[in-house]
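Just below is one structure, and these are the notes that go with it.
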Amino acid sequence: MLLLIPAVAACTDREAQAAQDAAMMAQDPVVARALNDPLMTDPDLASRNEANALIGFADSSALPTFAATTSAAQAAREAGRLELLEGGAIPDLPLPGTDARGKALGPMASPADLIAALGAPASCARQLDQNFTYAADLPPVASIMPHGMVLQAGGADTQICGIRIVRYQTAAAIEDVLEYHNAQAVRAGLRSLRYKTPEDIIAASGARDETLVVHARKPAKGLTSVDLLYRAP
């Protein structure tokens with residue numbers, strides 16, 4: 001019995017430390033990355049090298065600080081559907097098209113790849129600037145799903161390059177993410193199509209080259225990663 005006492009104490013200490021770390025991470029995402037980011041000496045982490053990447057963020061990073069739990073996924077789904085239902089019946093999510101459209105973007109897509117996905121002039125890639133304020137300046141058609149956490153945001157505001165590019169993560173399932181963005185596109189008068197390449201895609205277009213493209217994928221930690229691309233008319 002005496003031998004078990006140190007073991008029980010050690011387990012209690014570990015649980016207390018884990019709880020303390022979790023509370024700290026919830027309060028400070030910077031601390032979360034410091035505590036949880038993998039060592040950069042690992043040769044398998046080459047994708048974490050973001051040199052020359054204007055918009056790039058590895059899906060397996062420590063952010064966001066919420067967990068990919070069933071309850072979190074359900075809460076995100078319900079919040080998204082409640083928001084949509086305020087505008088009436090939710091449009092049906094189209095079946096995936098049989099033809100391939102575009103390529104998977106992934107966390108390290110180049111500016112040229114992102115611009116190409118929008119069908120914008122290639123010269124717009126040079127105009128992109130990375131700044132979180134772009135995520136706060138989105139029209140309703142390109143709004144972020146409730147319970148989503150923005151990882152990166154960028155854009156441009158020139159005469160021919162009115163662009164927003166936002167990457168966020170959510171605990172919601174891919175199907176719920178697609179439903180949300182499809183509904184926003186349809187309600188804005190865009191023609192919305194769905195495709196499945198290595199990633200699930202909503203591609204919507206309207207008058208004067210207005211375009212919304214949403215790529216969704218599941219990274220290693222179980223959250224849904226979303227690339228939200230918008231080109232203003």
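Residue by residue through segment 188-205, which ³J(HN,Hα) values in whole Hz follow from phi under the Karplus form 6.51 cos²θ - 1.76 cosθ + 1.60 (θ = phi - 60°), with glycine and proline marked x?
For segment 188-205, the Karplus curve yields 8, x, 8, 8, 9, 10, 10, 9, 10, 9, x, 10, 8, 10, 10, 10, 10, 9 Hz.
On the protein heavy atoms, probe 1.4 angstrom, tell me the percent of accessible surface of segment 143-193 carried by carbon and sulfur.
52
For Gln152, list long-range residues whose amide hydrogen, built 1.01 Å from N in the peptide plane, is under 5 Å from its own amide hydrogen.
So Gln152 has HN proximity to Arg167.
Starting from the residue with the highest accessible area, list Asp113, Asp200 in decreasing order, probe 1.4 Å.
Listed by decreasing accessible area, they come as Asp113, Asp200.
The values are calculated or read from the model by the stated rules, or taken from the named source; none is laboratory data. All values reported here derive from a predicted model rather than from experimental measurement. The accessibility values were calculated without ligands, DNA or RNA, using every heavy atom of the protein model including side chains. Shrake-Rupley method; radii C 1.70, N 1.55, O 1.52, S 1.80 Å.
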